[in-house]
Amino acid sequence: MSDTEKEILVEEEKEVLNEETTNKEEKTKKKKKNKLEDQLEEIQEELQTIKDKYYRALAETENYKKRMTEDLKRERKYAGLSLADKLIDSIEVFDQALNMETEDKNLKNFLYGFKMIKDMMFQALKDEGVMLIESKVGDDFDPTIHEAMDKEYNPDLKENTILKVVKKGYKYKDRVLRPTLVITNIKPEEELETEEINQESIENKEE
């Protein structure tokens with residue numbers, strides 16, 4: 001083998017080695033790049049998870065604040081409810097006393113003083129949001145503001161109406177403080193059964 005051929009072989013070997021080295025370097029770079037990309041992707045996923053948790057926690061905090069604000073508003077709005085309920089007891093005692101029948105002038109004057117005190121107390125309650133539930137005989141029975149103490153029947157009045165107001169009812173702002181106690185107009189079951197039998201007899205005769 002001549003020197004020239006040897007040199008050519010050496011050069012070729014060098015080229016092969018350089019190519020192999022280059023290929024190895026490129027593979028190493030690709031591996032490093034892929035590893036970095038994977039790490040970056042993992043970091044991005046973790047960041048997204050953290051952001052989601054943060055926004056969820058922020059939303060829960062805001063909701064909690066809103067609930068607390070609403071609760072505080074309700075507490076302030078109905079702060080006087082318990083006191084109003086107790087004062088109604090006193091007003092009802094005055095009402096019972098004022099319903100007394102008497103011809104005694106001294107007692108009449110005494111009762112008149114009672115009425116003045118009662119009116120002043122109720123006016124103070126009205127200023128705080130207490131209202132009398134207006135209920136009278138003939139009104140439809142409303143379970144949201146009335147409580148049936150008993151039932152009777154008057155054929156001259158519509159069914160499920162008020163026959164008698166037993167005790168006054170009161171509201172505190174938009175809440176029922178005490179329902180009006182009433183006696184309702186309900187037809188007895190015996191009469192209903194008799195009516196049904198009579199109606200059946202009429203229908204049978206018509207057939």
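The values are calculated or read from the model by the stated rules, or taken from the named source; none is laboratory data. Just so you know, these numbers come straight off a predicted model, no measurement behind them. Here Cβ is always computed from backbone atoms with ideal geometry, including for glycine, and neighbour counts include all displayed protein chains.
Points worth noting:
- The stretch 172-186: number of residues that are buried (at least 20 other Cβ atoms within 10 Å of the Cβ) and over 11 Å from GLU147 (Cα atoms): 2
- Check on GLU103, more than 53 Å from the chain's Cα centre (by Cα), exposed (fewer than 10 other Cβ atoms within 10 Å of the Cβ), at pLDDT 70 or above and over 30 Å from THR180 (Cα atoms): yes
- Check on GLU75, modelled with pLDDT of 80 or more, out of contact with any His (no Cβ under 8 Å at 6 or more places or on another chain), farther than 15 Å from LYS126 by Cα and in a helix (DSSP H, G or I): no
- For ILE162, the conditions (1) at pLDDT below 90; (2) assigned by TED's automatic domain parsing to the domain that holds GLU189; (3) surrounded by 14 or more Cβ atoms within 10 Å (Cβ to Cβ) are fulfilled apart from (1).
- For ASN106: the one exception among (1) in the same structural domain as LYS187 (by TED's automatic domain parsing); (2) not in a strand (DSSP E or B): (1)
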